[in-house]
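Notes for the one structure printed next.
Every number in this text was worked out from the coordinates using simple rules, so none of it is lab data. Every value quoted in this text rests on a predicted model; they were computed, and no experiment measured them. Glycine gets a Cβ as well: all are built from the backbone with ideal geometry, and neighbour counts include every protein chain shown.
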Amino acid sequence: MQQELKNCITHLKKGGLILYPTDTLWGIGCDANNTEAVKKIYALKKRIDSKSLICLVADERMLSKYIKEIPEVALDIIEVAESPTTIIYDAPQNVAPNLIASDNSIAIRIPDDEFCFQLLRKFNGAIVSTSANISGEPSPNSFSEISNDILKGVDYVVNLHREKKSSKPSSIIKLSNAGLVTIIRP
């Protein structure tokens, strides 16, 4: 695992795209602070840039680096969630501008996965995580279902957990600083 982490970090720091296993699906990732790398993900996925991407952070401390004001209820949700849960927060900071949605929000998840945790810790920053498919096509449930276009379009493919079947995508909850809670994807 250590060599895979080193390889990923090398590519992330150079503005490259990685294909990596997460706590949900295989994801395409890049440095969440690199505007050009984020553009490459949109281009690879053939996704309109008005559709937001999810970022991963290692823990609550790292989350506070990217969200100006974390609602108390967010910490409660993170604590009690029994399945992967992505939260959309208001007022992001310290991320590439093209990751911020038009309503000044960003989707962030703290993954429950050892490889992701180590990668985020060693990289010491948020990493984009979007499903490894072309926009509009089904998300792959396993590594073997990832299209050649995606495999050829990234700079590095992690050589771990390729036999593992993916779980479903994360739940998505939007929390506004005004106290409004909206379930986007159960």
> Which option, [x] 0.95; [y] 1.17; [z] 1.04, is the value of Cα Rg over 2.2 N^0.38 Å that was calculated from these coordinates?
Replying inline: [x]
> Which net charge results when you count Lys and Arg as +1 and Asp and Glu as -1 among the other residues whose beta-carbon is under 15 Å from that of S83?
Replying inline: -2
> Put +1 on the Cβ of each Lys and Arg and -1 on the Cβ of each Asp and Glu in region 2-185; which of A126, M62, L151 then has its Cα farthest toward the positive end of the dipole?
Replying inline: L151
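Can you show me the helix-derived [θ] at 222 nm for the chain, built from DSSP H runs with n ≥ 4 at -39,500 (n - 2.57) apiece and divided by the number of residues, rounded to the nearest 500. It would help to have the intermediate numbers written out before the result.
Details: 6 runs with 55 residues, N = 186.
Estimated from H runs of four or more residues: -8500 deg cm²/dmol.
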>> Can you tally the net charge around E114? Count Lys and Arg as +1, Asp and Glu as -1, for every other residue whose Cβ sits under 11 Å from the Cβ of E114.
In response: -2
> What size of dipole, in debye to the nearest 20, comes out for region 1-80 about its Cα centre when the only charges are +1 on Lys and Arg C-beta atoms and -1 on Asp and Glu C-beta atoms?
Replying inline: 680
> Local charge sum around P71 (other residues, Cβ-Cβ under 12 Å, Lys/Arg +1, Asp/Glu -1)?
Replying inline: -2
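For the chain, what does the relative contact order come out to in percent, with C-alpha contacts under 8 Å and a separation of six or more?
Details: 377 pairs, mean separation 61.6, N = 186.
About 33 percent, as a whole number.
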> How many nm is it between the label spots at I184 and K46, if each spot is 7 Å from the Cα in line with the beta carbon?
Replying inline: 2.3
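If you take every DSSP beta bridge whose two residues both sit in region 2-185, what share of them, in percent to the nearest 5, is antiparallel?
Working: 20 of 29 bridges.
The antiparallel fraction comes to roughly 70 percent.
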